[in-house]
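Let me begin by presenting the structure, written as structure tokens, before commenting on it.
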Amino acid sequence: QVPGSQDGRWRLRVRLRDRQSLHRFAAALAFARSGDLHERLAVALVEQSSGLAEGVRGRGLLLAVALASPVAADLERAARAEGILVNAVAPNAIRFAPALTITDEDIDVALAAWGRACATVSASLVAS
């Protein structure tokens with residue numbers, strides 16, 4: 001049991017003297033979380049791409065999905081139809097840049113939509 005805690009969890013107590021300190025503290029927390037989210041997204045974007053993605057590059061939450069073939073325009077349209085705002089930055093690359101304040105639930109929703117968009121484009125490649 002942690003002293004001063006009802007549920008056994010650590011409590012962080014910070015005395016912030018001004019608004020600027022609060023903003024710096026919030027930015028540091030968001031930056032730390034972005035590294036964890038980067039790893040999660042980098043793996044999941046490739047895994048759920050139906051074989052379209054070769055890898056992910058970028059830092060933090062500014063990601064580019066490298067595609068195996070030049071289908072970025074088709075994938076951008078399919079992703080937008082699924083409700084994800086991405087953009088084709090090259091014929092074989094899609095930019096994925098969620099906000100630093102994105103929640104885990106929003107990431108789950110976005111990854112499911114990404115998987116559907118990739119499946120749609122992959123199916124159209126097989127059909128043609």
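Read-outs: derived from the displayed coordinates by stated rules, not from any lab. Please read these numbers as outputs of a predicted model, since none were measured by experiment. Don't worry about glycine lacking a Cβ; one is built from the backbone with ideal geometry, like all the others, and counts go over all protein chains shown.
Legend: calculated FRET efficiency, A112 to E39, from the Cβ-Cβ distance at R0 = 25 Å, rounded to 0.05, equals 0.85. Taking a point 7 Å out from the Cα of V46 in the direction of its Cβ, the residues of the range 75-90 whose backbone N falls within less than 20 Å of it are 89-90.
Counting Lys and Arg as +1 and Asp and Glu as -1, what is the net charge of the other residues whose Cβ lies under 15 Å from the Cβ of E47? Once positives and negatives cancel, what remains is -1.
Between L125 and I102, the contour length at 0.36 nm per residue exceeds the Cα-Cα span by 5.1 nm. Between R59 and V89, full extension at 0.36 nm per residue minus the direct alpha carbon distance yields a gain of 9.2 nm.
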